[in-house]
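First comes the structure, then the notes that go with it.
Only the coordinates and a few stated rules stand behind these numbers; no lab work does. Source: prediction; values computed, not measured. FYI the Cβ positions are ideal-geometry reconstructions off the backbone, even for glycines, and counts take in every protein chain you see.
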Amino acid sequence: MKYKCLVLDHDDTVVNSTTTIHYPAFLAFMKDARPELSMSLEEYFAYNFEPGVVPLFRDICGLSPEEMKQEEDFWKSYVKDHIPQAYPGIRSLLERHKKEGGLICVISHSFSHYILRDYEYNHLPTPDMIFGWDLEPHLRKPSPYGLEQIMKTYSLEKEQLLVLDDLKPGYDMAQSAGVPFAAAGWANDVGSIETFMRANSPLYFKKVEDLAAYLED
């Protein structure tokens with residue numbers, strides 16, 4: 001195998017969640033919190049890409065710290081009753097990687113228990129390590145903390161890992177740790193995101209099967 005450890009983002013990389021869960025939850029919360037605000041799915045994707053989810057809520061939507069806590073609680077309640085589907089081809093890709101003796105780790109802005117739930121629901125191999133939103137803020141992606149812990153735990157060199165992510169924080173994390181990065185481009189068709197990823201990432205995959213073929217070579 002090309003890489004001993006696949007380090008996966010969760011939302012919109014392994015599971016189709018923004019379109020089916022996170023964006024509808026955002027609209028439902030903002031309907032009461034900021035009824036004057038209008039944001040398309042494409043804009044929501046773009047803002048999550050840059051500047052990121054926290055600045056999106058704080059600076060663009062103008063939520064106060066109290067409102068941000070309310071939004072998080074609303075989101076938790078919504079996600080509790082909505083489980084995303086894994087993208088076609090992800091399961092076979094991960095099963096093959098594990099069968100060959102590879103490691104699967106997750107570094108995500110989702111909560112660890114929801115990641116585990118989604119993996120179980122979609123019959124995906126259980127991740128070897130998870131670094132989720134439950135970490136202290138300064139340790140969350142784009143901090144290289146998760147990558148450093150993976151390399152330390154399994155005695156891996158940087159080139160033995162591949163970070164797969166659809167958003168800029170994942171790219172920034174991989175860059176800061178000197179770890180290879182691949183962009184997952186199958187969640188959306190937002191031009192600004194694709195342009196950035198194609199220009200800055202040597203590996204860009206528009207389809208899951210394209211990634212699978214690359215890993216098999």
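Some points to look at:
- For segment 123-217, GluC sites (Glu not before Pro) are listed when DSSP marks them as loop and at most 14 other Cβ atoms sit within 10 Å of their Cβ; the list is Glu157.
- Each residue of segment 11-27 was assigned a 3J(HN,Hα) from its phi angle through the Karplus expression (A = 6.51, B = -1.76, C = 1.60, θ = phi - 60°), giving 5, 6, 10, 9, 10, 8, 10, 5, 4, 8, 10, 5, 5, x, 5, 4, 4 Hz with x at Gly and Pro.
- Within the chain, the longest segment free of exposed loop sites, counting trypsin sites (Lys or Arg not before Pro) that fall outside DSSP classes H, G, I, E and B and have at most 15 other Cβ atoms within 10 Å, spans 3-205.
- As a rough footprinting exposure proxy, the listed residues Ile130, Ile107, Ile60 were ranked by other beta carbons within 10 Å of their own, and the order from fewest upward is Ile60, Ile130, Ile107.
- Shape of segment 82-177, Cα gyration tensor, a/c cut at 1.5: oblate
- Scanning residues 5 or more positions from Ile130 or on other chains, those with amide H under 5 Å from its amide H are Val106, with H placed 1.01 Å from N in the peptide plane.
- Qualifying GluC sites (Glu not before Pro) in segment 10-74, DSSP loop, other Cβ atoms within 10 Å at most 10: Glu36
- Note, ³J(HN,Hα) from phi for segment 74-86, Karplus 6.51, -1.76, 1.60, rounded to Hz, x at Gly and Pro: 4, 4, 4, 5, 5, 5, 4, 9, 9, 10, x, 8, 5
- Compared with the dominant principal axis of the Cα atoms in the chain, helix 168-177 is inclined by about 40°.
- Over all projection directions, the Cα-based convex hull of the chain averages an area of 11.2 nm².
- Over the chain, DSSP H runs of length four or greater, each weighted -39,500 (n - 2.57), average out per residue to a 222 nm ellipticity of -13000 deg cm²/dmol.
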